[in-house]
Amino acid sequence: MALYIIIAVLFVCAGLLLIPGAGASGILSFALRRQEEASGEAETLAGRVRKRRGKSRRNFIAENIASARTILEDTGRADRYERLTAISLLAGAFGLAVSLLLQNPFLLPVLVVGFYLLPWQYVRLTGVSADRSLTEELEMTLSAVSNSYLRTENIIVSIEENMLSMTPPVSLPFEKFLAETNHVSADVKAAIMRMKGRLKNVIYDEWLDALAACQDDRGLKVHLLPIVEKFSDVRQITAELHQIIAEPVREFGVMVAMTFGGVFILRVMNREWYGALMYTVPGKITLAVVALVVFISVAKVINASKPPEYKR
């Protein structure tokens, strides 16, 4: 009976958050405001004081949400931020419902926070593959543009020759460059420097610096391709890193499945041990600690899966 009541509560929460005009805009707005304050987007007086004292370091929750939001903005999905916040609130409500169903107060904060962060962890996981795709696309694009520039010594013509083969988000800064140089200003070097920062990649910024220098000395164009070749080194290191961590990640998944699966196995094999784990205070604390370790480990695994960044 308790399970049906909890499911009904979850449906009510979903209606309040997802149905327009249901009166939950205040809850969602409060969550959005708190996330922005924690991530430093909406700076408060207390936040400025902590920053002046050198204590502006984000906590674990704010760091994960801020990292996921950055990935959404970099991949052109910033409009999904509010929707993900609503999903996170529903996930937190689900964690609350599970802890109430298990009658475990020690598990309550762990499941609420852990499930609240799960949608953001998923975004961070998709960001890992997005970083790899961006690196591969940048390598092909910059290589093609560099080869064209070596032949034509005209960066506008070189980019125009390769625009059809570019795809977002790599194509966006080049499209803006062509729009600026063709319709706004003839200062090619300044337009090149304005391309910096539009894609977050160190090798891309280094290539733009070299390209800007070529506008003063065309003989420096020979340095463009060696810079692009650094992508190959990053790709090779990324592949080696993936092979190194692939097996530990699989083992981690198996261990998590075995850990939580063991609880249900205990219910079948030894009811006394199952009762001690589920209904005694030490057992409830043990479940809370295990769940906390799993949620933290998931975040650490995602961090370890990120491709390496080249540093100048």
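The values are calculated or read from the model by the stated rules, or taken from the named source; none is laboratory data. Computed from a prediction, not measured in an experiment: that's the story for all the values here. Counting neighbours? That spans all protein chains shown, and the Cβs are built from the backbone with ideal geometry, glycine included.
List of remarks:
- ALA212 being buried (at least 17 other Cβ atoms within 10 Å of the Cβ), more than 31 Å from the chain's Cα centre (by Cα), part of a helix (DSSP H, G or I) and of a type in the set (A, V, I, L, M): yes
- Flag for VAL228 being within 30 Å of GLU153 (Cβ to Cβ) and surrounded by 12 or more Cβ atoms within 10 Å (Cβ to Cβ): yes
- Test for ILE285: is it farther than 27 Å from PHE115 by Cα and either over 29 Å from the mean Cα position of the chain (by Cα) or at pLDDT 80 or above (or both): no
- Subset tally (residues that are touching a Phe, Trp or Tyr at 6+ places or on another chain (Cβ under 7 Å) and not in a loop (DSSP other than H, G, I, E, B)) for region 193-206: 2
A quick yes/no check of all residues on (1) assigned to a helix (DSSP H, G or I); (2) more than 20 Å from the chain's Cα centre (by Cα); (3) more than 30 Å from LYS230 (Cα to Cα); (4) not acidic (Asp, Glu):
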position	(1), (2), (3), (4)
GLY92	yes, no, yes, yes
LEU101	yes, yes, yes, yes
ASN104	no, yes, yes, yes
VAL123	yes, no, no, yes
GLU161	yes, yes, no, no
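- Restricted to region 125-155, and to residues there that are without any contact (Cβ under 8 Å) to a residue 40 or more places away in the chain and crowded, with 16+ Cβ neighbours inside 10 Å, the residue that is farthest from the chain's Cα centre (by Cα) is SER148.
- Scanning region 277-293 for residues that are closer than 16 Å to VAL256 by Cβ and either acidic (Asp, Glu) or without any contact (Cβ under 8 Å) to a residue 12 or more places away in the chain (or both) gives THR286, VAL289, VAL293.
- Annotation: VAL222 fulfils all but one of (1) exposed (fewer than 13 other Cβ atoms within 10 Å of the Cβ); (2) not in a helix (DSSP H, G or I); the unmet one is (2).
- Residues of region 102-124 that turn out to be among the aliphatic types (A, V, I, L, M) and free of Cβ contacts under 8 Å to residues at least 24 places away in the same chain, as a count: 2
- Any pair with Cβ under 9 angstrom, 6 or more apart, that starts in region 200-221 at a residue that is over 16 Å from VAL170 (Cβ atoms) and ends at one that is of a type in the set (S, T, N, Q) and part of a helix (DSSP H, G or I): LYS221/SER146
- Within region 268-284, the set of residues being exposed (fewer than 14 other Cβ atoms within 10 Å of the Cβ) and of a type in the set (Lys, Arg) comprises ARG271 only.
- Qualifying position, being charged (D, E, K, R), crowded, with 19+ Cβ neighbours inside 10 Å, in a helix (DSSP H, G or I) and at pLDDT 55 or above, among ARG33, ARG83, ARG48, ARG69: ARG69
- Filtered residues of region 166-190 (kept if in a helix (DSSP H, G or I) and exposed (fewer than 13 other Cβ atoms within 10 Å of the Cβ)): ALA179, ASN182, HIS183
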